[in-house]
Amino acid sequence: AFVDTYQSFLGAVMLWGAGNSLLTPGLTAFSVDLAPETQKGSILSLTRQAGDLAFLIGPVGLGMLAEATSISCSLGLTSSVVFGSAAYFGLFATDVVVQTEKKKTKAS
């Protein structure tokens with residue numbers, strides 16, 4: 001791994017924090033845009049619960065994987081899942097607000 005000093009660790013943590021602060025609001029806004037008007041509160045709760053569950057299960061599972069194999073394997077899996085899910089979202093997610101406006105325009 002590239003983190004071998006305290007300074008590189010701090011840099012990696014700051015990079016992770018910046019990425020997370022950019023990703024989370026976008027995914028939350030997207031899920032709320034998809035929700036029916038009466039379900040927006042439930043969707044916000046569900047996305048928060050899913051994130052909390054991931055932070056609860058993820059470290060334990062990845063720690064077990066690191067113990068069974070190696071830290072590089074655990075970090076590689078994490079990177080692959082994050083990159084894969086971000087790529088899938090980037091390729092297939094569409095702007096819900098724009099689609100809704102287009103449907104309203106066609107209906108008029």
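The values are calculated or read from the model by the stated rules, or taken from the named source; none is laboratory data. These figures come from a predicted structure and were not determined experimentally. Because the Cβ atoms are built from the backbone with ideal geometry, glycine has one as well, and the counts that use them run over all protein chains shown. The protein model used for the area step is the full one, side chains on, heavy atoms only, and it has no ligands, DNA or RNA in it. Shrake-Rupley method; radii C 1.70, N 1.55, O 1.52, S 1.80 Å.
Annotation note: Cβ proximity below 7 Å between a residue of the stretch 8-19 that is on the phi < 0 side of the Ramachandran plot and without any contact (Cβ under 8 Å) to a residue 12 or more places away in the chain and a residue that is among the β-branched types (Val, Ile, Thr) and not in a helix (DSSP H, G or I) (sequence gap 6+ or interchain) occurs for 9/3; 12/3. Any residue that is modelled with pLDDT of 90 or more and either polar (S, T, N, Q) or at positive phi (or both) - is there at least one of those in the stretch 46-69? Looking for residues that are modelled with pLDDT of 90 or more and either polar (S, T, N, Q) or at positive phi (or both), one finds at least one in the stretch 46-69, hence yes. Residues being closer than 20 Å to residue 82 by Cα, out of contact with any Phe, Trp or Tyr (no Cβ under 6 Å at 6 or more places or on another chain) and either part of a helix (DSSP H, G or I) or open to solvent by 100 Å² or more (accessible area, probe 1.4 Å) (or both) are entirely absent from the stretch 32-41. Return the residue satisfying two criteria in turn: it lies in the stretch 1-29 and is open to solvent by less than 50 Å² (accessible area, probe 1.4 Å) and either more than 13 Å from the chain's Cα centre (by Cα) or among the aromatic types (Phe, Trp, Tyr) (or both), and of such residues it is modelled with the lowest pLDDT. Here the residue is 12.
Taken over the stretch 54-96, the criterion of being surrounded by fewer than 10 Cβ atoms within 10 Å (Cβ to Cβ) and either touching an Asp or Glu at 6+ places or on another chain (Cβ under 9 Å) or part of a loop (DSSP other than H, G, I, E, B) (or both) is satisfied by 94 alone.
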